[in-house]
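Participant: One structure is given below, represented as structure tokens, and several questions about it will come after.
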Amino acid sequence: MSLKVISGFTTCCTVQHATCVWHLSPNFCPSAWLALRDPMAMERANLLNMAKLSIKGLIESALSFGRTLDSDYPPLQQFFVVMEHCLKHGLKVKKSFLGYNKSLWGPLEMVEKLCPEAGEIVASVRDLPGLKTPLGRARAWLRLALMQKKLADYLRCLITRKDLLSDFYESGAVMLEEEGAVIVGLLVGLNVIDANLCVKGEDLDTQVGVIDFSMYLKNDIDDYRSEERNGQIAAILDQKNYVEELNRQLNSTVHSLQGRVDSLEKSNTKLIEEVTREPSAEKRERHHSDESPDVENELVVQVSMKQEMELAMKLLEKDIHEKQDTLIGLRHQLDEVKAINVEMYQKMQRSDDSMKQKNDIIARLEEKTNQITATMKQLEQSDKDLLSQTRTLAMSFVKCASTDTEHQYKLVKDISF
């Protein structure tokens, strides 16, 4: 167990329970000091503080990006780790055929009975083929609830039934105290972010849930590097969004042109039907042409109308061919935009890999610099020790020598130089 004091706070890290304990010094607040003497109360306070830091950091980073978060986003991964520790706090040990274990899936599975809307999530978790342990199913449930933006609502339904939670938790657990209600209230703020998590292909059974405190204790160099990297990623994502928007506009244009082509084809079919009916009408007009001269004039009019209809039909066919050529060109442009989109995504991945390599090189260089500095300090110290030993030997030699004073002075002077 390691103990550190930081600006009035005492940090106590217990390895067995994987819980970082923060408690105030006695001179900070006497009433709070007396209240935090209970280990369970200290653990609840620490988990509440970690939940505040995790949720605040996740919301701020997500809003700064303004993008949909995925499974590889580090603040999102740490949020799930912190939530897992909060839900595990004070769990009762259950006896099974394989020994004793703490099942986190039990209380989360019970949400289905308290809130019927959660039945879809529970059914999806049960149907996932890769999950074999209750812990893996609980982690999948948390991710699906966050994607639905219902995590706060489901946990609120759960903490209101303390009579049912007492079957799963010991007295003094986070879920049975007011800290649980505070954490649920903080989770409401996560409804402003969008998450797209792939639960099916992720190994949730064997993941190790360790809180990374370095994310919340950053120095100026880390802030500068993260800002620079965030700027590069934001520029790439802006280009990607521009290409996607252009793609959506082209798709809408293609759909509208397709609708116009369909309407022109329908009108063309109607015109063809009308033209096919014209010859029979002409025969009837010729049969009655001898009876009246007005019939001949009407026949001339009908012939001219037929010619106009044929001309209109040719123009419509020409327009249809032009629209089809335009549609083919737009489809080619759409394929090019998709290729640009894929290329931009690959560039973003390569940029992330190069940033990771540069960070590793910088860390190794800093480590080598520290080693060289320590070696130089050791050499300087050894030089000082050797000089002091030389002077001591010179003085002792002067005292024991039997030569005259001038010879002794010359000898001391030579040795000192």
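Participant: Which loop chymotrypsin sites (Phe, Trp or Tyr not before Pro) in the stretch 89-181, with loop taken from DSSP, have no more than 15 other Cβ atoms within 10 angstrom of their Cβ?
Facilitator: Passing both the DSSP loop test and the Cβ count: 97.
Participant: Summing Lys, Arg as +1 and Asp, Glu as -1, what charge do residues with Cβ under 15 Å from the Cβ of residue 333 carry, residue 333 excluded?
Facilitator: -2
Participant: With the crude spin-label approximation of a point 7 Å out along Cα→Cβ, what separation in nm comes out for residue 325 versus residue 307?
Facilitator: So the two model labels end up 2.8 nm from each other.
Participant: Kindly provide the GluC sites (Glu not before Pro) of the stretch 106-194 that DSSP labels as loop, not H, G, I, E or B, and whose Cβ sees at most 16 other Cβ atoms within 10 Å.
Facilitator: 170
Participant: Then there's this: Could you work out the relative contact order of the stretch 109-207? I mean the mean sequence separation of Cα pairs under 8 Å and 6+ apart, divided by the number of residues, in percent.
Facilitator: Over the stretch 109-207, the number comes to 38 percent.
Participant: Checking the table 132/200; 88/149; 150/338 against a 24 Å threshold on Cα-Cα, which pairs fail?
Facilitator: 150/338, as the Cα separations exceed 24 Å there.
No lab work stands behind these numbers, since they all come straight from the coordinates. Bear in mind the structure is a predicted one, so any value in this text is a computation, not a measurement. Ideal geometry is used to build each Cβ from the backbone, glycine not excepted, and the neighbour counts take in all protein chains shown.
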